[in-house]
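Peer 1: Sending over a structure as structure tokens; questions will come in a sec.
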Amino acid sequence: MTTLLLDADALSPSAHQIFTASRVDLNLTQPPKRFYRHGWHSWTLAAWLDPHEPPLPIRAPEFRAKDEDPAYAFHKNHVSAWVSAVELAENDILLLGALGLSGRIELDGSTLKGFYEDGHQGDWFVGRGKEDEVFAQYAALLETKFGKTRFEKPPRVWCSWYSLYKWIDESVLAKALHGLGDLPFDVFQIDDGWEDESGHWEAGRNFPSGMAAFAEKIQATGRTAGIWLSPFIVTPNLKIFHEHNDWILRDEQGNLVTAGRNWTGTTYALDVTHPAVLEWLDRLIRKVVGWGYGYLKLDFLYAGAAVGKRYKEMPREEAYRSALRVMREAAGDAYILACGAPIIPSLGLCDGIRIGPDVTPYWLNRALTVWLNNPNDPATQNAIRTSLHRLWLKPLVHIDPDVLFFRTRWNALTPHENQLLQDLGTLTGFKGSSDLPWWWKPSEKEKVREFLEAAPQVQKLRRYCYQIDGRIVDFSPAMPISVSHMDFPVWLARNWGFLKIVWHQALPAILTQRLHR
Ligand code: 9PG
């Protein structure tokens, strides 16, 4: 093991260096004013934080498993995945970035401690200077190491999730496809809900004509057919869960590793080093591409890098990357959008990556975000915050901030909040929507066309402030992170079922007994 000791003062402005070490201790002489924390996967918080505020674990375990890197969910210090930075002075930052898959950086008082989780040696980049320049240098090194997207321009995508959610069937999707008319969407993507159960990847009961028939329908409109899959997770209701129980990842004690909850309930992670699992993944992707789908949204990918004891012993993110490579090869020319995906281990193997949590047609759910201390929860504010802190990835991969809303129907965002989300879409260049065409007023539909065709001039003024075609856009309202130290709401949520029984059954029983006495 080699630990490299560095002094921040020794790095002059605009200097950068590359080192090989298993640990790097970067002494800052004093605790920094701001600390850049980069979340592990698509939905996990990326933001400049006040280091005096200690990290607070997400309160609900179901969300912790889905939204955080499980290895550091209870760490006493802030831990950043692969890259971290501190502010030394106005627009003078110091960045420490790993160039290997399992690099993490902990802020311990006034020391930035970089380490490789597997204990091996790896490369590190240390750079000092203007924020955008230093991040660009780090991104360029990542490109050399892992590669970049193969496509010039991100596609414009219509996706079924944020209007229909799970409630899709072939007739409502056919109506949506027809309703889009000649709007310049390049991809029509079917999201979760086409399958009866995540893990059983066949047309569900709502798609009696089969998935190949629907892909053909999409292609007939001149668009690429897109489909959603969560290839690394399975649910206990599946046949393979029981028939191939050895495919499911277990921890050191032999217990199954959960991968958080999704809409169907608790999910489990596949052991992606198992040869039979890799073969199954290869066949799955070839089948779906064979149906005619040229755009694959691969979701809940973090499950491939869950903490556990694998068939083949290797660092979890290496296991993840090898399995993603199998799917990349099986996908041929198809576009891969990685979602819920560990960021750096996906580079070079996917074409686009979701860079924030899900958007919602409202700004924030205080119960889920604030009371549960979960800034990764689906909410437009959370999505804008994290995505904006990941714009530096743009030269490497198409960065998907999730869909934008053009509808006023079923939309509780204020016009200003909605405009901020659209402006974020402009910054990333990835343009998507889920609005049902019949929800748009004629003027809104025209706005969609204009937006999809526009290529406005964008200029960055400050960290959260941009100029888009002469209009000043300030994203600061999306930046605050509120946490709660109050336990009562959580207690209430946990005990709701019990309280209901007391209220509806026990209490009346006691009262009637009294009355009868
Ligand atoms: C489909 C969706 C969409 C979406 C993805 C992902 O249970 N949950 O709390 C939960 C939150 C978000 C989530 C899924 C489940 O979103 O980001 O675009 O594809 O899956 O299920």
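Peer 1: For residues in the range 24-39 being touching a helix residue (DSSP H, G or I) at 6+ places or on another chain (Cβ under 7 Å) and not in a strand (DSSP E or B), which is farthest from residue 462 (Cα to Cα)?
Peer 2: Filtering the range 24-39 for residues that are touching a helix residue (DSSP H, G or I) at 6+ places or on another chain (Cβ under 7 Å) and not in a strand (DSSP E or B), the one farthest from residue 462 (Cα to Cα) comes out as 29.
Peer 1: For residues in the range 153-177 being among the aromatic types (Phe, Trp, Tyr) and within 21 Å of residue 232 (Cα to Cα), which is surrounded by the fewest Cβ atoms within 10 Å (Cβ to Cβ)?
Peer 2: Residue satisfying both the conditions and the ranking: 165.
Peer 1: Next up: Taking the range 1-50 on its own, how many of its residues are farther than 17 Å from residue 93 by Cα and exposed (fewer than 14 other Cβ atoms within 10 Å of the Cβ)?
Peer 2: The qualifying residues number 5.
Peer 1: Another question about this same structure. Report, by residue number, each residue of the range 15-50 that is touching a Leu at 6+ places or on another chain (Cβ under 6 Å) and within 16 Å of the ligand (Cβ to nearest atom).
Peer 2: 39
Peer 1: Condition (residue is away from the ligand (no atom under 15 Å from the Cβ), surrounded by 24 or more Cβ atoms within 10 Å (Cβ to Cβ) and within 22 Å of residue 193 (Cβ to Cβ)) applied to the range 316-327: is it met by at least one residue?
Peer 2: Yes, the range 316-327 has at least one match.
Peer 1: Mind listing just one residue for me: the one in the range 147-172 that is out of contact with any helix residue (DSSP H, G or I) (no Cβ under 7 Å at 6 or more places or on another chain) and among the hydrophobic types (A, V, I, L, M, F, W, C) and, of those, farthest from the ligand (Cβ to nearest atom)?
Peer 2: 151
Peer 1: A further question follows. Consider residue 458 against the criteria (1) surrounded by fewer than 16 Cβ atoms within 10 Å (Cβ to Cβ); (2) in contact (Cβ under 8 Å) with a residue 12 or more places away in the chain; (3) of a type in the set (A, V, I, L, M, F, W, C); (4) over 28 Å from residue 149 (Cβ atoms): it satisfies all of them except one. Which criterion is unmet?
Peer 2: (4)
Peer 1: Looking at 395, 442, 401, 415, can you tell me which residue is under 25 Å from residue 161 (Cα atoms), touching a helix residue (DSSP H, G or I) at 6+ places or on another chain (Cβ under 7 Å), in the same structural domain as residue 163 (by TED's automatic domain parsing) and at pLDDT 95 or above?
Peer 2: Exactly one residue qualifies, and that residue is 401.
Peer 1: Among the numbered criteria (1) touching an Asp or Glu at 6+ places or on another chain (Cβ under 6 Å); (2) not in a loop (DSSP other than H, G, I, E, B), which single criterion is violated by residue 48?
Peer 2: (1)
Peer 1: Right, here's the next one. Of all residues being surrounded by fewer than 16 Cβ atoms within 10 Å (Cβ to Cβ) and outside any loop (DSSP other than H, G, I, E, B) in the range 51-63, which is farthest from the ligand (Cβ to nearest atom)? Just the residue, please.
Peer 2: 61
Peer 1: Is it the case that residue 66 is within 16 Å of the ligand (Cβ to nearest atom) and either in contact with a Lys or Arg (Cβ under 9 Å, 6 or more places away or on another chain) or in contact (Cβ under 8 Å) with a residue 40 or more places away in the chain (or both)?
Peer 2: For residue 66, the condition - within 16 Å of the ligand (Cβ to nearest atom) and either in contact with a Lys or Arg (Cβ under 9 Å, 6 or more places away or on another chain) or in contact (Cβ under 8 Å) with a residue 40 or more places away in the chain (or both) - is met.
Peer 1: Does residue 84 fit the bill of being among the small types (Gly, Ala, Ser), assigned by TED's automatic domain parsing to the domain that holds residue 141 and in contact with a Phe, Trp or Tyr (Cβ under 7 Å, 6 or more places away or on another chain)?
Peer 2: Yes, satisfied.
Peer 1: Here is a further query. Checking residue 202 against (1) out of contact with any His (no Cβ under 9 Å at 6 or more places or on another chain); (2) touching a residue at least 24 places away in the same chain (Cβ under 8 Å): exactly one of these is not met. Which one?
Peer 2: (2)
Peer 1: Same structure again: Would you call residue 367 within 25 Å of residue 189 (Cα to Cα) and either in a helix (DSSP H, G or I) or within 12 Å of the ligand (Cβ to nearest atom) (or both)?
Peer 2: Here the answer is no, as residue 367 does not meet what is asked.
Peer 1: For residue 181, are the conditions met, namely being touching a residue at least 40 places away in the same chain (Cβ under 8 Å) and more than 30 Å from residue 445 (Cβ to Cβ)?
Peer 2: The answer is no for residue 181.
Peer 1: Take the residues in the range 481-495 that are surrounded by 10 or more Cβ atoms within 10 Å (Cβ to Cβ) and at pLDDT 70 or above; name whichever of them is nearest to residue 424 (Cα to Cα).
Peer 2: 481
Peer 1: Residues to consider are 261, 205, 283, 223; find the one that is modelled with pLDDT under 95 and either over 30 Å from residue 178 (Cα atoms) or not β-branched (Val, Ile, Thr) (or both).
Peer 2: None of the others qualify; the one that does is 261.
Peer 1: Given the structure, is residue 348 within 14 Å of the ligand (Cβ to nearest atom), in contact with a Phe, Trp or Tyr (Cβ under 9 Å, 6 or more places away or on another chain) and assigned to a loop (DSSP other than H, G, I, E, B)?
Peer 2: Against the criterion (within 14 Å of the ligand (Cβ to nearest atom), in contact with a Phe, Trp or Tyr (Cβ under 9 Å, 6 or more places away or on another chain) and assigned to a loop (DSSP other than H, G, I, E, B)), residue 348 does not qualify.
Peer 1: Quick one: is residue 360 in a helix (DSSP H, G or I) and buried (at least 19 other Cβ atoms within 10 Å of the Cβ)?
Peer 2: Answer is no for this residue.
Peer 1: Would you check which residues across the range 178-195 are more than 16 Å from the ligand (Cβ to nearest atom) and either surrounded by fewer than 21 Cβ atoms within 10 Å (Cβ to Cβ) or among the β-branched types (Val, Ile, Thr) (or both) and list them?
Peer 2: 178, 179, 180, 181, 182, 183, 184, 186
Peer 1: Given 128, 104, which one is in a strand (DSSP E or B), among the basic types (Lys, Arg), away from the ligand (no atom under 16 Å from the Cβ) and without any contact (Cβ under 8 Å) to a residue 40 or more places away in the chain?
Peer 2: Selected residue: 104, the only one of 128, 104 that is in a strand (DSSP E or B), among the basic types (Lys, Arg), away from the ligand (no atom under 16 Å from the Cβ) and without any contact (Cβ under 8 Å) to a residue 40 or more places away in the chain.
Peer 1: I've got another one for you. Considering only residues of the range 201-210 that are out of contact with any Gly (no Cβ under 7 Å at 6 or more places or on another chain) and closer than 22 Å to residue 335 by Cα, which is surrounded by the most Cβ atoms within 10 Å (Cβ to Cβ)?
Peer 2: 201
Peer 1: Here's something else I'd like to know. Could you give me the residue pairs with C-beta distances under 8 Å whose first residue belongs to the range 152-177 and is touching a residue at least 40 places away in the same chain (Cβ under 8 Å) and farther than 13 Å from residue 218 by Cβ, whose second residue is part of a helix (DSSP H, G or I) and hydroxyl-bearing (Ser, Thr, Tyr) wherever it lies, and which are 6+ apart or on separate chains?
Peer 2: Sorted first by the residue in the range 152-177, then by its partner, the pairs are 154/428.
The values are calculated or read from the model by the stated rules, or taken from the named source; none is laboratory data. Here the structure is a predicted model, which means the values were calculated and not measured. As a convention, Cβ positions derive from the backbone with ideal geometry for all residues, glycine included, and neighbour counts pool all protein chains shown.
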